[in-house]
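First comes the structure, then the notes that go with it.
The values are calculated or read from the model by the stated rules, or taken from the named source; none is laboratory data. From a predicted model like this one, the values you see are computed outputs, not experimental measurements. Please note: Cβ atoms are built from the backbone with ideal geometry, for glycine as well, and neighbour counts cover all protein chains shown.
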Amino acid sequence: AILARDGAAQIVLLGSPKDQPACAEVAAGIAGGAVFNLAGSTSLAEAIALIAGSAAVVANDSGLLHIASALNRPVVALYGPTDPDHAPPFSDLAASLSLRLACAPCKQRECPLGHQDCMVKLTPELVWHRLEPMLPTP
């Protein structure tokens, strides 16, 4: 949806080396456009610089989320197994997104129920609904 809205947009995927396969899957699902999977390829300083120069950030509950918030970037914060009320982004330019399922927040890295619904059901459409109003006009 971002690339349909702005063909000149660039999407950068950041994370640790263990996030590389998931980011590769996300990148493969985005047709055309400039998508860069940099998971595991940047230093913290480089990631901070990329976030500082971004128009907006979508991030799970992680250090990069809080960096984006501290840099006052528009951010959609995704909470699955973690509690959105525990450490929300402290910015007026942030929207938190959580399905608040009965099994969440379990605070586990691996889903104890084996379905990961708290993240899987955070659909691109739900995220886009929160992200689009934050983006600058192309």
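Listed values, structure above:
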read-out: Residues of region 97-106 classified as within 24 Å of LYS18 (Cα to Cα) and assigned to a loop (DSSP other than H, G, I, E, B), total; value: 3
read-out: Subset of region 10-24 (residues that are within 19 Å of VAL120 (Cβ to Cβ) and within 14 Å of the chain's Cα centre (by Cα)); value: LEU13, GLY15, ASP19, ALA22, CYS23
read-out: Close pairs from region 36-56: first without any contact (Cβ under 8 Å) to a residue 40 or more places away in the chain, partner among the charged types (D, E, K, R) and assigned to a loop (DSSP other than H, G, I, E, B), Cβ under 8 Å, at least 6 apart; value: ILE51/ARG73; ALA52/ARG73
read-out: Residue in region 68-81 that is over 25 Å from PRO133 (Cβ atoms) and in the same structural domain as THR123 (by the TED database) present; value: yes
read-out: Residues within region 118-132 that are buried (at least 16 other Cβ atoms within 10 Å of the Cβ) and within 9 Å of GLY80 (Cα to Cα), tallied; value: 2
read-out: Flag for PHE90 being at negative phi, surrounded by fewer than 16 Cβ atoms within 10 Å (Cβ to Cβ), among the aromatic types (Phe, Trp, Tyr) and touching a His at 6+ places or on another chain (Cβ under 9 Å); value: yes
read-out: Residue in region 112-119 that is under 28 Å from PRO136 (Cα atoms) and either among the small types (Gly, Ala, Ser) or under 16 Å from the mean Cα position of the chain (by Cα) (or both) present; value: yes
read-out: Where ILE67 falls short, out of the listed (1) surrounded by 15 or more Cβ atoms within 10 Å (Cβ to Cβ); (2) more than 22 Å from LEU3 (Cβ to Cβ); (3) modelled with pLDDT under 95; (4) not acidic (Asp, Glu); value: (3)
read-out: Selection status of PRO89, modelled with pLDDT under 90 and under 17 Å from MET134 (Cβ atoms); value: yes
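Quick grid of which residues meet (1) modelled with pLDDT of 90 or more; (2) crowded, with 16+ Cβ neighbours inside 10 Å; (3) not assigned by the TED database to the domain that holds TRP128:
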{"residue": "ILE11", "(1), (2), (3)": "yes, yes, yes"}
{"residue": "SER16", "(1), (2), (3)": "yes, no, yes"}
{"residue": "ASP19", "(1), (2), (3)": "yes, yes, yes"}
{"residue": "ALA31", "(1), (2), (3)": "no, no, yes"}
{"residue": "VAL35", "(1), (2), (3)": "yes, yes, yes"}
{"residue": "ILE48", "(1), (2), (3)": "yes, yes, yes"}
{"residue": "ILE51", "(1), (2), (3)": "yes, yes, yes"}
{"residue": "ALA55", "(1), (2), (3)": "yes, no, yes"}
